[in-house]
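Taking it in order: structure first as C-alpha cells, then the write-up.
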Amino acid sequence: FKIQIEPRQIRNEWGADKVQFLFSGNKGISLEELNKVASGGETSRLMLSIKSLLTMHVKRPTLILDEIDVGVSGKIAGKMANLLQKMSINTQLIVISHLPQIAAKADYHYKVHKIDTSEKTETKIYSLDEKEKIEELTKMLSGEILSNAARENAKALRMNSQ
C-alpha cells in the first residue's frame, strides 16, 4: 500500500494535490490504483488495517464499522474478529456484521429488525441475552433451516470468544 501525492497544475474542487492510493494484494505484483485492482475483501482488510493503526495512535472514544468485513470469510474472518477484539480494548466499537466469527466476539449484541407495512417501514433494535445471541449466530451459520450442528458451532464460537 502506498499513498502517492502529486501537485496539480491547477487547483480544482479536489484541492491542490492529486492523491492516489496504490495497492498490491500479492508479492511481485506492481502497485496499481486501489479502486481498480482491490477486491471487496482486500479493500475490507486494508480499511480495517488502517483503522486499527489509527486506534493505536489516535484516541477515539467510539468507532463505527459498517460491514467492514464485506467479501471476507473463513480464516480471514477469524483474524479480523481477533483484531476487532484487540481494537475494542481502547476504543468502543460499534460493528455491523453478517459474519458469525465477528459477531461472536462482541460483548453486546443487538438485533436490528425491519417491519414493512403497506404505509411504511419501521426499524426496531433490541438487546439480545446470551440465549438469543446463540440463536442469532445459529441463523447466521445455518440459514433458514436451523441445524443442531450450527447451534453447537454457535455455542463454540461464543465460548472461544470470551
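The values are calculated or read from the model by the stated rules, or taken from the named source; none is laboratory data. Please read these numbers as outputs of a predicted model, since none were measured by experiment. Note: ideal-geometry Cβ built from the backbone for every residue, glycine included; neighbour counts use all protein chains shown. Keep in mind that these areas ignore ligands, DNA and RNA; they rest on the heavy atoms of the full protein, side chains included. Shrake-Rupley method; radii C 1.70, N 1.55, O 1.52, S 1.80 Å.
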Query raised in the report: Looking at 152, 136, 144, which is the one that is open to solvent by 80 Å² or more (accessible area, probe 1.4 Å), assigned to a helix (DSSP H, G or I) and not β-branched (Val, Ile, Thr)?
Result: 152
Query raised in the report: Which condition number in (1) under 26 Å from residue 105 (Cβ atoms); (2) open to solvent by 40 Å² or more (accessible area, probe 1.4 Å); (3) part of a strand (DSSP E or B) is the one that residue 63 fails?
Result: (2)
Query raised in the report: Take the residues of the range 4-21 that are under 31 Å from the mean Cα position of the chain (by Cα) and among the hydrophobic types (A, V, I, L, M, F, W, C): which is farthest from residue 33 (Cα to Cα)?
Result: 14
Query raised in the report: Residue check: is residue 133 more than 27 Å from residue 40 (Cα to Cα), touching a His at 6+ places or on another chain (Cβ under 7 Å), in contact (Cβ under 8 Å) with a residue 24 or more places away in the chain and of a type outside the set (Val, Ile, Thr)?
Result: yes
Report summary line: Being closer than 17 Å to residue 102 by Cβ, open to solvent by 60 Å² or more (accessible area, probe 1.4 Å) and either touching a Pro at 6+ places or on another chain (Cβ under 9 Å) or outside any strand (DSSP E or B) (or both) narrows 27, 86, 18 down to just 86
Query - Top-ranked residue in the range 89-128 [being closer than 17 Å to residue 45 by Cα, part of a loop (DSSP other than H, G, I, E, B) and out of contact with any Ser or Thr (no Cβ under 8 Å at 6 or more places or on another chain); ranked as least open to solvent (accessible area, probe 1.4 Å)] - result: 97
**Report entry** Matching entry among 155, 124, 133 (being farther than 21 Å from residue 94 by Cα and either under 20 Å from the mean Cα position of the chain (by Cα) or modelled with pLDDT of 90 or more (or both))
**Finding:** 155
**Report entry** Every pair of residues 6+ apart whose Cβ atoms lie under 7 Å, when the first sits in the range 1-23 and is aromatic (Phe, Trp, Tyr) while the second is loosely packed, with under 10 Cβ neighbours inside 10 Å
**Finding:** 21/3
Query raised in the report: List pairs: first in the range 41-63 and farther than 18 Å from residue 25 by Cα, second in a helix (DSSP H, G or I) and open to solvent by less than 100 Å² (accessible area, probe 1.4 Å), Cβ under 6 Å, 6+ apart or cross-chain?
Result: 52/83; 52/87; 55/87
